[in-house]
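Here is the structure we will look at, set down as structure tokens.
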Amino acid sequence: MKRRERERLAKAAELAKRTAAADVEVATEVVDDVVDDQESVSPLRVEPIVLPDGSSFHHLTILREETVDALEPKSGGVYADVTLGGGGHTELLLEKSAPEGRVIGVDRDERALAAARERLSRFGERATLVKGEAGALPRVLESLGITHVNGVMADLGVSSPQLDDAGRGFSFRFSGPLDMRMDPSRGETAKELCERLDETELANVIFQYGDERKSRPIARSIKRAIDENALDTTDDLRAAVHRVIRPKHGQRIDPATRTFQALRIAVNDELGQLEALLACLPDVLADGGVASIISFHSLEDRLGKNAFRGDPRMERLTKKPVIASDDEAARNPRARSAKLRAARRVSREVAP
Ligand SMILES: C[S@@+](CC[C@H](N)C(=O)[O-])C[C@H]1O[C@@H](n2cnc3c(N)ncnc32)[C@H](O)[C@@H]1O
């Protein structure tokens, strides 16, 4: 058996082992020394990207090989990465589709686009980076004169640089304005959302998107903070939740985690974006083209699973989601909640 074939089979066996369930968990990122044994592609990047303004951008790419390999990259293929971030997956996709593969990278966040621009400059015109929304992929492609792509990938949610930037207001780990927008140039902030929704609507958001049992008293506490002019920062939101659920000594997960997740999902319409993306896949994918999607919580995963399962135009390639290896989960806690699902566009001769 040839070495490549042996490696392919070993990888398939490894993937099969990893299809157990993973829980939603928010944790701080740990950056350890990362060893990558691939010879032909760049190793997983652990050093930060330095942006033109001198700031640094660091995100550990999750399920890097698995997500990109699912797309079966080929030279001459055209691919879309609709959650470009710092370009970690796109970089590998461009390497694996060399010399002529092309990637359209889409992100809502200017800072992510700037980081990706730095990282991907060596690929020249093979990388086209666009500010836009994943759910508007057909419009993005149309604006570039592209009708079909050979693969679409998404690595949903927020990046570490977004979470770690206090000024973006995503995390209770840092004190910052209560913002949470992936695209800070438009839309409603988390504070404005909390002000606009009435108490019941706010409780519903916290319950549905955060799976928070105490959603009603938390919504009441948030509304009280607004009435007292005391809901401006991430600290204020955290305090409003802690008034309802007191953190216990030694508790690993902060009681505010679910409420922060819920508001972030609502502010960025994350599920609406995913639904729009999933709906357009059978149209934008060329025959045989593959979509691979990494989700981080059960609401997203369920949408992906059902979309692929119920559509005769899409053949599921992962009956159960692929999850991170023990090794990856140990060096990057955020990877522990990642689930990858992939599906292939059936030929239009079979399912138009
Ligand atoms: C987890 S990061 C992607 C990291 C990237 N795969 C890497 O390894 O470098 C997710 C990125 O997707 C962007 N994003 C999330 N949802 C989006 C959407 N609906 N439309 C456009 N960009 C989105 C976020 O702004 C963020 O930069």
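If Asp69 satisfies every condition in (1) more than 22 Å from Ser325 (Cα to Cα); (2) in a helix (DSSP H, G or I); (3) more than 10 Å from the ligand (Cβ to nearest atom) but one, which is the exception?
Just one mismatch for Asp69, condition (1).
For Gly135, indicate whether it is modelled with pLDDT under 95 and either of a type in the set (D, E, K, R) or near the ligand (Cβ under 9 Å from one of its atoms) (or both). Even if it seems obvious, please write down each step before you answer.
Details: modelled with pLDDT under 95: no; either of a type in the set (D, E, K, R) or near the ligand (Cβ under 9 Å from one of its atoms) (or both): yes.
So Gly135 fails the test.
Ala190 passes all but one of (1) within 21 Å of His297 (Cα to Cα); (2) without any contact (Cβ under 8 Å) to a residue 12 or more places away in the chain; which number fails?
(2)
How many residues are surrounded by 21 or more Cβ atoms within 10 Å (Cβ to Cβ) and part of a loop (DSSP other than H, G, I, E, B) if we restrict to segment 301-324?
So the count comes out to 3.
Mind checking which residues of segment 141-165 are modelled with pLDDT under 95 and more than 10 Å from the ligand (Cβ to nearest atom)?
If the condition is that a residue be modelled with pLDDT under 95 and more than 10 Å from the ligand (Cβ to nearest atom), then Asp164, Asp165 are the ones that fit.
For segment 74-176, which fully contained helices (runs of 4 or more DSSP H) count at least 2 residues that are more than 26 Å from Ala276 (Cβ to Cβ)? It would help to see each step written out before you state the result.
Numbers: elements: 88-96, 110-120, 137-143, 160-164.
In segment 74-176, the matching helices (runs of 4 or more DSSP H) lie at 88-96, 110-120.
Tell me, yes or no, whether segment 118-128 has at least one residue that is within 22 Å of Met314 (Cα to Cα) and away from the ligand (no atom under 16 Å from the Cβ). Write out each step before concluding.
Residues of segment 118-128 within 22 Å of Met314 (Cα to Cα): none.
For segment 118-128, residues within 22 Å of Met314 (Cα to Cα) and away from the ligand (no atom under 16 Å from the Cβ): absent.
Looking only at segment 327-339, decide whether some residue is at pLDDT 95 or above, over 22 Å from His58 (Cα atoms) and of a type outside the set (A, V, I, L, M, F, W, C).
Looking through segment 327-339, none of the residues is at pLDDT 95 or above, over 22 Å from His58 (Cα atoms) and of a type outside the set (A, V, I, L, M, F, W, C).
Which number in (1) exposed (fewer than 15 other Cβ atoms within 10 Å of the Cβ); (2) within 16 Å of the ligand (Cβ to nearest atom); (3) of a type in the set (Val, Ile, Thr) marks the one condition that Thr189 misses?
(1)
Under the condition of being away from the ligand (no atom under 11 Å from the Cβ), among the β-branched types (Val, Ile, Thr) and closer than 14 Å to Arg341 by Cβ, which residue from segment 262-299 is surrounded by the fewest Cβ atoms within 10 Å (Cβ to Cβ)?
Checking each candidate, the answer is Val290.
Please count how many residues of segment 90-113 are within 11 Å of the ligand (Cβ to nearest atom) and closer than 25 Å to Ser185 by Cα.
To start, the set of residues in segment 90-113 that are within 11 Å of the ligand (Cβ to nearest atom) comprises 90-93, 105-113.
Filter again for closer than 25 Å to Ser185 by Cα, leaving 90, 105-113.
Residues flagged as within 11 Å of the ligand (Cβ to nearest atom) and closer than 25 Å to Ser185 by Cα within segment 90-113 amount to 10.
Going through segment 183-207 one residue at a time, which ones are more than 19 Å from Val158 (Cα to Cα) and within 22 Å of the chain's Cα centre (by Cα)? Walk me through how you get there before you give the answer.
First pass over segment 183-207, keeping only residues more than 19 Å from Val158 (Cα to Cα): 192, 194-204, 207.
Of everything in segment 183-207, just one residue is more than 19 Å from Val158 (Cα to Cα) and within 22 Å of the chain's Cα centre (by Cα), namely Phe207.
The values are calculated or read from the model by the stated rules, or taken from the named source; none is laboratory data. The structure presented is a predicted model; accordingly, all values stated were derived computationally and were not measured. We place every Cβ from the backbone using ideal geometry, glycine too, and count neighbours over all the protein chains shown.
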